[in-house]
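Beneath this line is the structure, given in structure tokens, with notes to follow.
The values are calculated or read from the model by the stated rules, or taken from the named source; none is laboratory data. Remember, predicted model here, so these are calculated numbers, not experimental data. Cβ coordinates were reconstructed from backbone atoms using ideal geometry, including for glycine residues, and neighbour counts include every protein chain displayed. Heavy atoms of the whole protein, side chains included, go into the accessibility calculation; ligands, DNA and RNA do not. Shrake-Rupley method; radii C 1.70, N 1.55, O 1.52, S 1.80 Å.
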Amino acid sequence: MPDMSSTTETPYADGKILKHTASGVGVITFNNPDKRNAMSLEMWEGFGEALASLRDDDAVRVVILRGAGGKAFVSGADISQFEKTRHNAAASEEYGKRSAAQRALLADYPKPTIASIQGFCLGGGMQVAMLTDIRIASHGSQFGIPAAKLGIAYGYDGLKHLVSLVGPSWARLLMYTGMRIDSSEALRIGLIERVFPDDQLWGETMAIAETISQNAPLAIKAAKTTIAQVLKDESGRDMDAIKAIGTACMDSADFREGRQAFMEKRKPQFQGK
Ligand code: COA
């Protein structure tokens, strides 16, 4: 964990969610290390508020999610709340609804998102990580969805993302056994994109985020929108959205700036318009 003393953290959910921004990058930290950052319903709500605030902050061009404490990204939903809030199908549906808006916000987030994973990334933590655009992890991390060990039916959205990342057979192996895999295996099956030593993870994550934040926002939005549509069934695909962002991008001042900067051998200054 880097020294955050020089930056101002905004707390949500009694400080169990933290938010700060630095050089065009928004950072949300899951901060309940005593419980390995297990997500309570209050944390889901705070997470949604932090996401919305970074979405609406024009200075922020990319958002990183990470866990505090060095031992976990997120160890899943907070199981200690289950007896009260998730004890049967009806309660479970209600429970799911209380985090649905936040999950939808992350799934359709208008800016690029990165999960920076150090330690356990389990259950609901996997779901959060799989909803981000890119997953970067430290060598010692562990990944798994222990739903079968708890008797939980993991929902459509979670499995859709798992299957699209690792394919149906690995999804079955992970779900049927509830096994945990390490970073090298997660990398090999396409669950995560890059792996670094623990002490380099944060620097490398920030380097990627800063590179993204300096690139042309509309070009990134075009890529994000189009890739999301590629992943949809043809019947649900919004080709107009792809056309609209393509037109906005190719008519943008930033495209002009990108061409000019290249010809003038200087770094482009993109405005996102
Ligand atoms: N919900 C609630 N509490 C959790 C939790 C979760 N998902 N994950 C960890 N904790 C709590 C533990 O109960 C423990 O609390 P205690 O100190 O009061 O006993 C504390 O966090 C530390 O966990 P511990 O198991 O002692 O640490 P560890 O480093 O040996 O193991 C895990 C960490 C994450 C592997 C282990 O805690 C675990 O398997 N957690 C459950 C994961 C899971 O099933 N997630 C899916 C939920 S849908």
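Does ALA72 meet the test of being open to solvent by less than 20 Å² (accessible area, probe 1.4 Å) and on the phi < 0 side of the Ramachandran plot?
Details: open to solvent by less than 20 Å² (accessible area, probe 1.4 Å): yes; on the phi < 0 side of the Ramachandran plot: yes.
Criteria met by ALA72.
Report every pair of residues separated by at least 6 positions or lying on different chains whose Cβ atoms are under 9 Å apart, first residue within the range 21-34 and within 16 Å of ALA50 (Cα to Cα), second open to solvent by less than 30 Å² (accessible area, probe 1.4 Å) and of a type in the set (Asp, Glu).
ASN32/ASP78
What pairs can you find where one residue is in the range 178-196 and on the phi > 0 side of the Ramachandran plot, the other is assigned to a helix (DSSP H, G or I), and their Cβ atoms are less than 9 Å apart, with a gap of 6+ or different chains?
As it stands, the answer is GLY178/ALA147; GLY178/ALA148; GLY178/LYS149; GLY178/LEU150; GLY190/LEU165; GLY190/VAL166; GLY190/GLY167; GLY190/TRP170, since those pairs meet every condition given.
So, in the range 15-29, how many residues would count as being away from the ligand (no atom under 15 Å from the Cβ) and under 27 Å from TYR95 (Cβ atoms)?
The initial filter retains those residues of the range 15-29 that are away from the ligand (no atom under 15 Å from the Cβ), namely 15, 17-29.
With under 27 Å from TYR95 (Cβ atoms) added as a condition, the list becomes 15, 17-19, 28-29.
Result for the range 15-29: 6.
Please work out if VAL27 is among the aliphatic types (A, V, I, L, M), in contact with a strand residue (DSSP E or B) (Cβ under 7 Å, 6 or more places away or on another chain) and not in a strand (DSSP E or B).
Judged against the criteria, VAL27 is not a match.
Would you say GLY96 is small (Gly, Ala, Ser), at pLDDT below 95 and not in a loop (DSSP other than H, G, I, E, B)? So that I can check it myself, show each step before the final result.
Values: small (Gly, Ala, Ser): yes; at pLDDT below 95: yes; not in a loop (DSSP other than H, G, I, E, B): yes.
Yes: the conditions hold for GLY96.
Can you give me the number of residues within the range 99-132 that are more than 15 Å from the ligand (Cβ to nearest atom) and either assigned to a helix (DSSP H, G or I) or crowded, with 20+ Cβ neighbours inside 10 Å (or both)? So that I can check it myself, show each step before the final result.
Pass one, the range 99-132, residues more than 15 Å from the ligand (Cβ to nearest atom): 100-102, 104-116, 131-132.
Still in the running and either assigned to a helix (DSSP H, G or I) or crowded, with 20+ Cβ neighbours inside 10 Å (or both): 100-102, 104-107, 111-116, 131-132.
The qualifying residues number 15.
Pick from the range 46-93 the residues that are outside any loop (DSSP other than H, G, I, E, B) and charged (D, E, K, R): which of them is farthest from the ligand (Cβ to nearest atom)?
The initial filter retains those residues of the range 46-93 that are outside any loop (DSSP other than H, G, I, E, B), namely 46-55, 62-67, 72-74, 77, 79-85, 89-93.
Still in the list and also charged (D, E, K, R): 49, 55, 66, 83-84, 93.
Values: GLU49: 22, ARG55: 27, ARG66: 16, GLU83: 11, LYS84: 13, GLU93: 16 Å.
Residue satisfying both the conditions and the ranking: ARG55.
Scan the range 133-143 for residues that are within 14 Å of the ligand (Cβ to nearest atom) and open to solvent by less than 10 Å² (accessible area, probe 1.4 Å) and report the count.
Matching residues across the range 133-143 total 2.
For residues that are touching a helix residue (DSSP H, G or I) at 6+ places or on another chain (Cβ under 7 Å) and of a type outside the set (A, V, I, L, M, F, W, C), scanning just the range 42-57, find the one that is nearest to THR132 (Cα to Cα).
Of everything passing the filter in the range 42-57, GLY48 is nearest to THR132 (Cα to Cα).
Which one of ILE212, ILE227, ILE245, ILE208 is free of Cβ contacts under 8 Å to residues at least 40 places away in the same chain and surrounded by 15 or more Cβ atoms within 10 Å (Cβ to Cβ)? I'd like the intermediate steps shown before the answer.
Details: ILE212 fails: free of Cβ contacts under 8 Å to residues at least 40 places away in the same chain; ILE227 fails: surrounded by 15 or more Cβ atoms within 10 Å (Cβ to Cβ); ILE208 fails: free of Cβ contacts under 8 Å to residues at least 40 places away in the same chain.
Within the list ILE212, ILE227, ILE245, ILE208, the selection yields ILE245.
What's the number of the only condition in (1) without any contact (Cβ under 8 Å) to a residue 60 or more places away in the chain; (2) open to solvent by less than 10 Å² (accessible area, probe 1.4 Å) that ILE64 fails to meet?
Looking at each condition in turn, ILE64 falls short on (1).
Quick check on ALA52: is it touching a residue at least 40 places away in the same chain (Cβ under 8 Å), of a type outside the set (Phe, Trp, Tyr), touching a strand residue (DSSP E or B) at 6+ places or on another chain (Cβ under 6 Å) and open to solvent by 10 Å² or more (accessible area, probe 1.4 Å)? Give the steps one after another, and end with the answer.
On the way: touching a residue at least 40 places away in the same chain (Cβ under 8 Å): yes; of a type outside the set (Phe, Trp, Tyr): yes; touching a strand residue (DSSP E or B) at 6+ places or on another chain (Cβ under 6 Å): no; open to solvent by 10 Å² or more (accessible area, probe 1.4 Å): yes.
So ALA52 does not fit the description; no.
Regarding the range 147-165, can at least one residue be identified that is more than 13 Å from the ligand (Cβ to nearest atom), among the aromatic types (Phe, Trp, Tyr) and farther than 17 Å from VAL128 by Cα? Full working, then the answer.
Looking only at the range 147-165, we keep the residues that are more than 13 Å from the ligand (Cβ to nearest atom), and these are 156-157, 159-165.
Narrowing the set further to residues that are among the aromatic types (Phe, Trp, Tyr) leaves 156.
Okay, now just the ones that are also farther than 17 Å from VAL128 by Cα, so none.
Scanning the range 147-165, I find no residue that is more than 13 Å from the ligand (Cβ to nearest atom), among the aromatic types (Phe, Trp, Tyr) and farther than 17 Å from VAL128 by Cα, so the answer is no.
Does any residue of the range 174-183 turn out to be within 16 Å of the ligand (Cβ to nearest atom), closer than 15 Å to PHE73 by Cβ, open to solvent by less than 20 Å² (accessible area, probe 1.4 Å) and in a helix (DSSP H, G or I)? Steps first, please.
We begin by selecting, within the range 174-183, every residue within 16 Å of the ligand (Cβ to nearest atom); these are 174-183.
Filter once more, keeping what is closer than 15 Å to PHE73 by Cβ: 180-183.
With the extra rule that they be open to solvent by less than 20 Å² (accessible area, probe 1.4 Å), the set shrinks to 181, 183.
Next, only the ones that are in a helix (DSSP H, G or I) stay: 183.
Yes, because at least one residue in the range 174-183 is within 16 Å of the ligand (Cβ to nearest atom), closer than 15 Å to PHE73 by Cβ, open to solvent by less than 20 Å² (accessible area, probe 1.4 Å) and in a helix (DSSP H, G or I).
If you scan the range 30-45, which residues turn out to be more than 10 Å from the ligand (Cβ to nearest atom) and surrounded by 24 or more Cβ atoms within 10 Å (Cβ to Cβ)? I'd like the intermediate steps shown before the answer.
First, the residues of the range 30-45 that are more than 10 Å from the ligand (Cβ to nearest atom): 30-31, 41-45.
Correct list: PHE30, MET43.
Among residues belonging to the range 144-157 that are part of a helix (DSSP H, G or I) and within 22 Å of ALA100 (Cβ to Cβ), point out the one that is least open to solvent (accessible area, probe 1.4 Å). Walk me through how you get there before you give the answer.
Narrowing the range 144-157 to residues part of a helix (DSSP H, G or I): 147-150, 156-157.
Applying the additional criterion that residues be within 22 Å of ALA100 (Cβ to Cβ) yields 147, 150, 156-157.
Values: ALA147: 7, LEU150: 91, TYR156: 167, ASP157: 73 Å².
Once the filter is applied, the top-ranked residue is ALA147.
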